[in-house]
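Here the structure comes first, spelled out in structure tokens, and everything after it is commentary.
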Amino acid sequence: MLRHLPLVLKNAWRNRRRTVLTILSMGVSLMILGLMMAIYHAFYFTNTPPEQDLRLVTRNKVSLALPMPQFYGDRIRQIPGVREVEAEQWFGGVYIDNRPEHLFARLAVEPDKFFTIYPDVNIPDEQKKAFQQERSACIAGRELAQKQHWNLGDRITIEGDIFPVNLEFTLRGIFDAKDAFMNRSLYFNREYLEQSLPQARRGLVGTFTILANSPDNVPRIERAVDSQFQNSPIQTKTETQSAFGLSFLAFLGNVKLILLSVCGAVTFTILLVSANTIAMSVRERVHEVGVLKTLGYTSEAILGIILGEAVAISLVGAMLGLLMAQLMSAVVRAMPTFNDQLETLTIQPSVAVLCLGVAAMIGLASAFVPAYHASRTPIVEALRSTE
Amino acid sequence: MSETVIETRRLSKEYIRDEFHITALQDVDLEVKRGEFVALMGPSGSGKSTLLHLIAAMDVPTSGEIKVLGQDLRKLSDRAIARWRNENVGFVFQSFNLIPVLTALENVELPLKLTPLKKQERIDHAVTALKLVGLGDRLGHYPRQLSGGQEQRVAIARAIVTDPALILADEPTGNLDAASAEDILHLLARLNQEFGKTVVMVTHDPHAARFASVVHHLEKGRLLPMNGNP
Ligand SMILES: Nc1ncnc2c1ncn2[C@@H]1O[C@H](COP(=O)(O)OP(=O)(O)OP(=O)(O)O)[C@@H](O)[C@H]1O
Ligand SMILES: [Mg+2]
């Protein structure tokens, strides 16, 4: 088969405009496919850090925007395998104004539990103590502090929107975390928020972060928490932190399904486009099939030559597409996101191989029927074909 | 006399198109001996090409027997026939039928790609064949860069490169001017005389037929009885 390669390649290059167009449409489709698969891969296959594997997040089953009663925390703590539970609250609000450079997450947390829950947060001891002792203290991730040119002791005012209060903090600590999201967020004492709120709005919690004492217990805790509140007016939904990150992103729908349907649609479309082009170029060459057969080429060899051509074109298109996808993922990396996995988005080798495989399959599938028919045309009939 | 290379008995071919039955060949008894240069003549539609295709096993007869180079063609599988044709038959078309995207050398190399020969051996053979037809200086030319006569010579080189015993040519000079046609006829005659190839050539042209040692006439699918050589 290899010795037919020159003919395969020269055939592929025969109608340059058509081949270039096919390669381009293949390239664009494979770029989308590659990017989608890379995102899918980043979301669902990336190895999460071990601490993240131990952490679970409990939220209101109805919506992330609805709170849960504070006492749920105590109930969760009694579940076997739970090492620590911490209440957290997304504060929202406005820092200075709504410009993008002033957008960052502000979270009310419990300072005495925070560092147990997030052992990978690196902060000097005296700063940690200051955060735990001073009610209006806050701490910020290194990246955020640098971006806002904050120094220890700076006063930071956040205007409330979801909560009807303005909070003024003193920056008491700057930490380093492995987690990129944390590095770009601000944390303050939930107690401080509670006391600023009117009585009616106290005692509510946005999410509980749970630390399991062993990864083996994680699935069980996940189920135990939710069944604990199954018959309560406010039900919960508990998932691992990495899964929670996704559901946060997927407020609007099922990311998995969306990604997969885009991939499916792209594959199907390119299959049709490719099938059409191949059918055209095979039709034009039936006469040559007759000539090759006269020289002693078997139907199988001819089938191989035509399929090889289709696969070659598909693979070149796919490589172009993967190159473009790699560039696009650099663009995604540079964009501001709240999702860690996207920060390191890249076309992994496994995704590249999968894309090339898909492209080869598309080439084969789209060419098979016309190639098979052409290769089976009786010689005399093929030679009479004049198209 | 010498060995028989083509032998047909009551060979018939019928084409069925829709409800029409077209008898392209009927009860043809043909015998060709090794080393002969046979011209097949006859009006258009008399079945000349059909007969040539049956000899080359490019088509199957409706009835009758055909034995070429001692081989009963009806007994071979498709794959075996392809291989047999590659080794034993060189076919020359009226319209040259070179592959336009391949150079002269690559075109001539095509049949050799089906043999176990190594790349360098294939090239050596192809170059030899092209030199034989007088195109040793046109190896890298594409068909569109060649004249009709040159294209037909490349096609002949392609037909002889596997050193087949039998050369079948279907109006090889039909698309050529008189001078080029003359060249091609001389070339075929030389292959016949110097290299001992058996040649069967279809032609309309009585002048071309003079290069042949035997002339057969077909009419309405029947082979006319020979009434002495010209
Ligand atoms: N594949 C086919 N299907 C139907 N009819 C065919 C086919 N091939 C040949 N014929 C018919 O068979 C008859 C003989 O055709 P053939 O091509 O052998 O003639 P020919 O002597 O070579 O003619 P020409 O000099 O025009 O090439 C013609 O009537 C032709 O129409
Ligand atoms: Mg004919």
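The values are calculated or read from the model by the stated rules, or taken from the named source; none is laboratory data. Here the structure is a predicted model, which is why all the values come from computation and not from measurement. With ideal geometry, Cβ positions are generated from the backbone for all residues, glycine too; neighbour counts draw on all protein chains shown.
Scoring B:Asp177 on the criteria (1) acidic (Asp, Glu); (2) more than 12 Å from the chain's Cα centre (by Cα); (3) closer than 21 Å to B:Lys48 by Cβ leaves a single failure, condition (3).
Scan region B:161-175 for residues that are surrounded by fewer than 23 Cβ atoms within 10 Å (Cβ to Cβ) and more than 16 Å from ligand 1 (Cβ to nearest atom) and the total you get is 5. One residue stands out in region B:46-89 among those that are assigned to a loop (DSSP other than H, G, I, E, B) and away from every other protein chain (no Cβ under 14 Å): the one that is surrounded by the most Cβ atoms within 10 Å (Cβ to Cβ), namely B:Ser46.
B:Gly196: in contact (Cβ under 8 Å) with a residue 12 or more places away in the chain, more than 13 Å from the chain's Cα centre (by Cα) and under 17 Å from B:Ala129 (Cα atoms), yes or no? It would help to see each step written out before you state the result.
Values: in contact (Cβ under 8 Å) with a residue 12 or more places away in the chain: yes; more than 13 Å from the chain's Cα centre (by Cα): yes; under 17 Å from B:Ala129 (Cα atoms): yes.
Answer is yes for this residue.
Selection within region A:126-149: residues that are of a type in the set (A, V, I, L, M, F, W, C) and in a strand (DSSP E or B). The member of this set that is surrounded by the fewest Cβ atoms within 10 Å (Cβ to Cβ) is A:Ala137. Condition (residue is more than 14 Å from every other protein chain (Cβ to nearest Cβ), closer than 30 Å to A:Ser274 by Cα and at pLDDT below 85) applied to region A:17-37: is it met by at least one residue? Scanning region A:17-37, I find no residue that is more than 14 Å from every other protein chain (Cβ to nearest Cβ), closer than 30 Å to A:Ser274 by Cα and at pLDDT below 85, so the answer is no. Taking region B:196-207 as the range and being assigned to a loop (DSSP other than H, G, I, E, B) and either loosely packed, with under 13 Cβ neighbours inside 10 Å or within 13 Å of ligand 1 (Cβ to nearest atom) (or both) as the test, the residues that pass are B:Gly196, B:Thr203, B:His204, B:Asp205. Per the listing A:Thr277, A:Thr269, A:Thr207, the residue uniquely more than 14 Å from every other protein chain (Cβ to nearest Cβ), in contact with an Asp or Glu (Cβ under 6 Å, 6 or more places away or on another chain) and not aliphatic (A, V, I, L, M) is A:Thr207.
Inside region B:117-132, can you point out the residues that are in a helix (DSSP H, G or I) and over 20 Å from A:Lys293 (Cα atoms)? Show your work before the answer.
Restricting attention to region B:117-132, the residues satisfying the condition of being in a helix (DSSP H, G or I) are B:119-132.
Across region B:117-132, the qualifying residues are B:Lys119, B:Gln120, B:Glu121, B:Ile123, B:Asp124, B:His125, B:Val127, B:Thr128, B:Ala129, B:Leu130, B:Lys131, B:Leu132.
If you go through region B:1-29 and keep only what is buried (at least 16 other Cβ atoms within 10 Å of the Cβ), more than 16 Å from ligand 2 (Cβ to nearest atom), of a type in the set (A, V, I, L, M) and over 17 Å from B:Phe91 (Cβ atoms), you end up with just B:Leu11. Screening B:Ser63, B:Ser49 for residues that are in contact (Cβ under 8 Å) with a residue 12 or more places away in the chain, more than 13 Å from ligand 1 (Cβ to nearest atom), touching a strand residue (DSSP E or B) at 6+ places or on another chain (Cβ under 6 Å) and of a type in the set (Ser, Thr, Tyr) leaves exactly one candidate, B:Ser63. Out of B:Leu102, B:Leu110, B:Leu117, B:Leu130, one residue alone is over 21 Å from A:Thr298 (Cβ atoms), among the aliphatic types (A, V, I, L, M) and without any contact (Cβ under 8 Å) to a residue 60 or more places away in the chain. It is B:Leu130. Condition check for B:Ala169 on (1) without any contact (Cβ under 8 Å) to a residue 60 or more places away in the chain; (2) among the small types (Gly, Ala, Ser); (3) touching a helix residue (DSSP H, G or I) at 6+ places or on another chain (Cβ under 7 Å): one failure, at (1). Within region A:271-307, the set of residues being outside any helix (DSSP H, G or I) and within 47 Å of the chain's Cα centre (by Cα) comprises A:Glu284, A:Arg285.
Restricting to region B:133-147, give me the number of residues that are in a helix (DSSP H, G or I) and either touching a Lys or Arg at 6+ places or on another chain (Cβ under 9 Å) or surrounded by fewer than 16 Cβ atoms within 10 Å (Cβ to Cβ) (or both).
2
Got a sec? Which of A:Gly317, A:Gly363, A:Gly357, A:Gly321 is away from chain B (no Cβ under 14 Å), out of contact with any helix residue (DSSP H, G or I) (no Cβ under 7 Å at 6 or more places or on another chain) and either small (Gly, Ala, Ser) or not in a helix (DSSP H, G or I) (or both)? If you could, list the steps in order and put the result at the bottom.
Working: A:Gly317 fails: out of contact with any helix residue (DSSP H, G or I) (no Cβ under 7 Å at 6 or more places or on another chain); A:Gly363 fails: out of contact with any helix residue (DSSP H, G or I) (no Cβ under 7 Å at 6 or more places or on another chain); A:Gly321 fails: out of contact with any helix residue (DSSP H, G or I) (no Cβ under 7 Å at 6 or more places or on another chain).
The match here is A:Gly357.
Looking across region B:31-45, the residues that are within 16 Å of ligand 2 (Cβ to nearest atom) and surrounded by fewer than 20 Cβ atoms within 10 Å (Cβ to Cβ) come down to B:Pro43, B:Ser44, B:Gly45.
Here A:Gln127 meets each of (1) out of contact with any strand residue (DSSP E or B) (no Cβ under 6 Å at 6 or more places or on another chain); (2) closer than 23 Å to A:Leu152 by Cβ with one exception, condition (1).
Conditions (1) within 16 Å of ligand 2 (Cβ to nearest atom); (2) more than 28 Å from B:Glu14 (Cβ to Cβ), marked per residue:
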residue	(1), (2)
B:Leu146	no, yes
B:Thr162	no, yes
B:Ile167	no, no
B:Glu171	yes, no
B:Asn175	yes, yes
B:Gly196	no, yes
B:Arg210	no, yes
B:Gly221	yes, no
